[in-house]
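A.B. asks: I have a structure I would like to understand better, so I am pasting it below and will then ask my questions one at a time.
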Amino acid sequence: MQEIGSFILDQLLKMQWLSDLVASMLACFGIDPQSSWGGTLHFFIYDTIKIVILLVTMIFVISYIQSYFPPERSRRILSRFRGIQGNAVGALLGTVTPFCSCSSIPLFIGFTRAGLPLGVTFSFLISSPMVDLGSLVLITSAFGPGVAVLYTVFGLVVAIAGGALIQRLGMDDQVMDFVRGESVDAEEDMRRAPRERALYAAGETASTFRKVFPYILVGVGIGSLVHNWIPQEVIEPVLGDGNPFAVILATVAGAPIYADVFGVIPIAESLLAKGAALGTVLSFMMSVTVLSIPSLIMLARVVKPKLLGVFVGICLIGIVACGYTFNVLQPFL
């Protein structure tokens with residue numbers, strides 16, 4: 001059983017066979033994969049292909065699942081739950097939705113217009129970019145299943161607690177008036193044939209891939225440079241265990257960056273390999289995916305400053321707390 005688990009992790013998720021293949025191809029052209037330039041090229045080619053394969057596979061699977069949950073059906077499901085149960089269901093629903101916060105905001109508007117509790121919609125909005133199924137698979141491939149499961153659990157806890165707190169604060173009046181208009185979500189046909197669902201999933205895969213691929217190239221490019229050109233002696237004092245403010249620094253540094261988990265994972269892998277603490281790296285990832293400046297600008301168009309500030313504050317506290325917790329647990333993972 002252990003051998004099967006190792007095979008799945010190493011050959012299917014981490015794709016060790018692909019790493020070996022790329023190294024052999026570079027060697028055929030006289031390029032040493034162990035050299036700085038060769039290592040940079042190897043990292044870039046291997047990680048790009050690996051992420052694209054995982055990305056396309058997971059988007060197709062998730063989109064196929066999403067074909068069973070159009071906005072109107074999701075609204076009906078969420079409307080059955082109240083209180084902390086509603087927050088939990090909203091957070092879990094966020095795991096099968098698009099990969100970036102900007103993509104989640106239109107659904108947030110639809111749910112709000114449909115009359116769902118504000119706290120439930122914010123639980124959805126927090127979890128959607130942070131803990132989708134695609135990120136779970138990719139984090140497993142990069143850091144192992146233990147870290148991936150804990151990352152998902154922490155992300156869901158932040159989403160549930162954040163939504164519950166927003167609901168408790170009674171901030172329904174902090175949503176822009178136009179968002180409170182009549183719901184425009186129409187009932188979608190739930191009797192699609194498997195072929196129709198497959199075509200829908202293929203279309204979603206192509207659309208998402210076109211949006212995400214440039215960020216993958218940028219993320220892998222930065223990761224390859226960090227991995228092969230920045231000495232460990234530079235990164236470790238800043239982002240390692242020795243700096244008590246490393247988690248806060250990484251969280252703040254991640255906010256201005258606009259990317260999804262597929263683009264930021266290569267950077268995180270390289271930082272970890274260079275001595276950055278695990279929790280610090282994961283806080284950076286969470287900040288990039290949840291608190292990117294473009295997504296906050298979009299959210300500012302639909303909620304008032306007070307609610308936006310509470311949302312940012314909750315996410316910052318949750319992300320920083322997760323980072324420090326992971327740093328404490330790192331020796332045991």
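The values are calculated or read from the model by the stated rules, or taken from the named source; none is laboratory data. Just so you know, these numbers come straight off a predicted model, no measurement behind them. Don't worry about glycine lacking a Cβ; one is built from the backbone with ideal geometry, like all the others, and counts go over all protein chains shown. In case anyone asks, the SASA skips ligands and DNA or RNA and just uses the protein heavy atoms, side chains included. Shrake-Rupley method; radii C 1.70, N 1.55, O 1.52, S 1.80 Å.
A.B. asks: Would you tally the residues in segment 148-170 being open to solvent by less than 10 Å² (accessible area, probe 1.4 Å) and aliphatic (A, V, I, L, M)?
C.D. replies: Looking only at that region, the number is 3.
A.B. asks: Okay, next question. Inspect all residues belonging to segment 149-165 and state whether any of them is of a type outside the set (A, V, I, L, M), modelled with pLDDT under 85 and within 17 Å of LEU308 (Cβ to Cβ).
C.D. replies: No: zero hits.
A.B. asks: Can you name every residue in segment 180-216 that is modelled with pLDDT of 60 or more, surrounded by 12 or more Cβ atoms within 10 Å (Cβ to Cβ) and outside any helix (DSSP H, G or I)?
C.D. replies: The one that is modelled with pLDDT of 60 or more, surrounded by 12 or more Cβ atoms within 10 Å (Cβ to Cβ) and outside any helix (DSSP H, G or I): ARG192.
A.B. asks: Collect the residues in segment 42-59 that are farther than 16 Å from TRP17 by Cα and surrounded by 19 or more Cβ atoms within 10 Å (Cβ to Cβ), keeping them in residue-number order.
C.D. replies: Within segment 42-59, LEU55, MET58, ILE59 qualify.
A.B. asks: Okay, moving on. Does segment 309-327 contain any residue that is touching an Asp or Glu at 6+ places or on another chain (Cβ under 9 Å) and under 20 Å from PRO145 (Cβ atoms)?
C.D. replies: Yes, segment 309-327 has at least one match.
A.B. asks: List every residue pair whose Cβ atoms sit under 8 Å apart, with the two residues 6 or more apart in sequence or on different chains, where the first one lies in segment 13-28 and is under 17 Å from VAL137 (Cβ atoms) and the second, anywhere, is of a type in the set (Lys, Arg) and surrounded by 14 or more Cβ atoms within 10 Å (Cβ to Cβ).
C.D. replies: Hits for this filter: LYS14/LYS50; MET15/LYS50; LEU18/LYS50.
A.B. asks: Further, regarding this structure: Restricted to segment 290-310, and to residues that are of a type in the set (Val, Ile, Thr) and at pLDDT below 80, which residue is farthest from the chain's Cα centre (by Cα)?
C.D. replies: Among them, the one singled out is ILE297.
A.B. asks: Regarding segment 236-247, can at least one residue be identified that is open to solvent by less than 20 Å² (accessible area, probe 1.4 Å) and at pLDDT 85 or above?
C.D. replies: yes
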